[in-house]
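J.: Submitted below is the structure of interest, expressed as structure tokens.
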Amino acid sequence: MSSTLLRVCPSELKIPYEVKRQRSCCMQLINKTDKYVAFKVKTTNPRKYSVRHTCGILLPRSSCSVTVTMQAPRDMQLDHHCKDKFLVQSAVARDGATMRDLVPELFTRAPGRLIEEFKLRVVYIAANPPSPVPEEAEEEDASPRSEVTMGYEAKVSSAFDAASRCMDNSGAKPSCTKSQKYLNTYRIHQILFIELVLTSIMLTY
């Protein structure tokens, strides 16, 4: 059922959960009427929470802030699940009402008396959530890696060409009149030399 007397914000109480440290949150109560409205705040776990203000009177079209403080937890909860709830009761008070008019009977249901209730559940949230990594930082990290890779490929290609030229200039290729065995031995030495150069370059990275 929608409230006609008060608007309560937010709809749930989000409290940071941190071991051995008190944490607080606030709720806003707004009088939607042209009448004096009395309110009272209750909780299912009064030993765990302190509330300021637990009761009061709102002037027409006025608002107030209620602070809820959770006592310092002793143990860490893995799932941050909480069953605690709060209840905000509101009732129409007489014009010009003061704190002296806040008697228990004001929130007792009776014929012709309008009493509204709004329930809020407690939600634990991480006290220090991890900050997201900026996209610019990721792009900056990616650039040097790309340059290193490209530089490595260019060095390998240059070394390969230089090794080939070195082998070609070291002596004339064996003529076709020489034995096939000598030709095979020459090619094997050429391949081993090129692999040696490439291996030395890879070790520098």
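J.: Would you please give the residues with an amide H less than 5 Å from that of Thr33, counting only those at least 5 places away or on a separate chain, with H modeled from the backbone geometry?
T.: Close amide H contacts, sequence-distant or interchain: Arg61.
J.: A follow-up question, please. Note the full-extension length gain between Ser11 and Asn128 as 0.36 nm times their separation in residues minus their Cα-Cα distance, in nm to one decimal.
T.: On the way: separation 117, 0.36 × 117 = 42.12 nm, distance 2.26 nm.
39.9 nm is the gain from fully extending Ser11 to Asn128.
J.: If I ignore ligands, DNA and RNA and count only protein heavy atoms, how much of Leu6 is accessible to a 1.4 Å probe, in Å² to the nearest 10?
T.: 10 Å²
J.: Could you list the residues of region 51-75 with an amide nitrogen less than 15 Å from a label point located 7 Å from the Cα of Val19 in the Cα-to-C-beta direction?
T.: What the label zone holds, given the 15 Å backbone N cut-off, is 72-75.
J.: Figure the gain on full extension for His80 and Leu198 (residue separation times 0.36 nm, minus the Cα-Cα span) and round it to one decimal in nm. Each step should come with its number before you reach the end.
T.: Numbers: separation 118, 0.36 × 118 = 42.48 nm, distance 5.62 nm.
That pair, His80 and Leu198, stretches by 36.9 nm at full extension.
J.: Take Lys42, project a point 7 Å from its Cα along the Cβ direction, then tell me which residues of region 80-111 have their backbone nitrogen under 14 Å from it.
T.: Within reach of a label on Lys42, which here means backbone N under 14 Å from a point 7 Å along Cα→Cβ, region 80-111 contributes 85-91, 104-110.
J.: Taking amide H positions as placed in the peptide plane 1.01 Å from N, state which residues far from Gly56 in sequence (5 or more) or on other chains have amide H under 5 Å from it.
T.: Close amide H contacts, sequence-distant or interchain: Phe39.
J.: Moving to a separate point now. Could you list the residues of region 17-47 with an amide nitrogen less than 16 Å from a label point located 7 Å from the Cα of Gln71 in the Cα-to-C-beta direction?
T.: 18-24, 43-47
J.: Same structure again: Tell me whether region 6-126 comes out rounded, prolate or oblate; compute the Cα gyration tensor, take square roots of the eigenvalues as a ≥ b ≥ c, and use a/c under 1.5 as the rounded threshold. Don't jump to the answer; show the numbers that get you there.
T.: Working: a/c = 2.47, a/b = 2.29, b/c = 1.08.
Prolate, since a/c reaches 1.5 and a/b exceeds b/c.
J.: If ligands, DNA and RNA are left out, what is the accessible area of Thr199 with a 1.4 Å probe, given in Å² to the nearest 10?
T.: Accessible surface of Thr199 is approximately 70 Å².
The values are calculated or read from the model by the stated rules, or taken from the named source; none is laboratory data. All values derive from a computational prediction rather than experimental measurement. Glycine also receives a Cβ, built like all others from the backbone with ideal geometry; neighbour counts cover every protein chain displayed. SASA here: full protein model, heavy atoms, side chains in, ligands and nucleic acids out. Shrake-Rupley method; radii C 1.70, N 1.55, O 1.52, S 1.80 Å.
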